[in-house]
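Remarks on the structure that follows.
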């Protein structure tokens, strides 16, 4: 088993994040909101919980609200049965939504696998309604990892804009950027009913480099279809309008009208830039469309590099696809808490010798002879970003150093 030097890797990451000339991007996945904890009343007991559930947790919430009674299965129960029958993952709501939309496209105005088109449409709307309610929350303060990312993004003058990619539907990035006075462009122009401007998206080089670019690959809570079939960004939700969250990827012409493919194209275009560096956090490589863009782009552009920070054990079954990508792609580094794949070489972190490094809290942890790099925790990654911004996080340990488990 190879031994990787954690301090050297962290130092390289710090150096990369301090650049103002190279293209730097961040991919914020569904695991990132889990790092923001809030107190909630659960059946009369105040419980410390994540701000937003991950995909599996969100699926459980939807199941609890849409499942039928014993002996009287609901449309949700029937679709879940279809997913299981097809050996799909029924705990992944995005896969379930894709199945619903695939069945609708086949059913037309009729029936498919015992499900009518109208009830599939109604179920789609119900699911999106539950998702929207669950993720329509605000960050609890100004010292969250999202704010740390926003502060870092506006901390220095840049020759290249920071690109922020996310598969999340929530508005947490928007909130943090605005509260931190970090200007950004998200593909929409206007205020009351901002409209999607594909031309500005595809030629964003005309925009100031100090504006971060925010690309929401799976849509957003505040995206709507207007009466003419165009896409607008608005906090208003007229009766009968649909949420534009999670694309089905079923019809090229239909998807092309939407911002989804344009957002995915931005990820590809970014990774094809010379010396581009993308930092991934909260993403387990569960989306084949995104994985394909990342791995193919890295294969084409050997000067680009991706650092994928994984939460917990790199050997976890949920990271299987990601490990395969990292083992076949030399410019994709995957860093777990105690193990990493760097340059296609799997290994463990080598215990650090000598004086403790001057690092923000929770990034590098020593438990006896076991070394752990915790950048897969979005809170720890946020601490690193805040330290590089030159602005002290009010919640950080001012001593720096490293942590003992």
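Bear in mind that the values in this text are calculations on the coordinates, not laboratory data. Model, not experiment: these values are computed from the prediction. No Cβ is skipped: glycine too gets one built from the backbone with ideal geometry, and neighbour counts run over all protein chains shown.
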Quotient of Cα radius of gyration and Kirkwood radius for segment 55-135, i.e. Rg/Rh, equals 0.94
Working note, segment 1-111: Cα radius of gyration (Å, one decimal) and Dmax (Å, whole number) are 21.5, 62
Counting only DSSP beta bridges fully inside the chain, the antiparallel percentage to nearest 5 is 50
Nearest 10, in degrees from 0 to 90: the angle of helix 75-85 to the longest Cα principal axis of the chain is 60
Summing -39500 (n - 2.57) over every DSSP H run of at least 4 in the chain, dividing by its residue total and rounding to the nearest 500, the 222 nm mean residue ellipticity is -10500 deg cm²/dmol
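Using the count of nearby Cβ atoms within 10 Å as a rough guide to exposure, how do 40, 224 rank from fewest to most? Could you put the intermediate results ahead of the total?
Working: 40 12, 224 20.
Neighbour counts put them in this order, fewest first: 40, 224.
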In nm, the gap between the two label points placed 7 Å beyond Cα toward Cβ at residue 272 and residue 292 is 1.6
Plugging the Cβ-Cβ distance of residue 226 and residue 315 into 1/(1 + (r/R0)^6) at R0 = 56 Å yields, to the nearest 0.05, a FRET efficiency of 0.70
Taking the chain, the whole-percent share of alpha-carbon pairs separated by over 27 angstrom is 53
Ranked output for segments 193-200, 377-384 by mean other Cβ atoms within 10 Å, highest leading, reads 377-384, 193-200
Cβ density ranking, 10 Å radius, fewest first, applied to 310, 49, 263 yields 49, 263, 310
Residue span residue 70 to residue 192: 0.36 nm per residue of separation minus Cα-Cα distance leaves a gain in nm of 39.3 nm
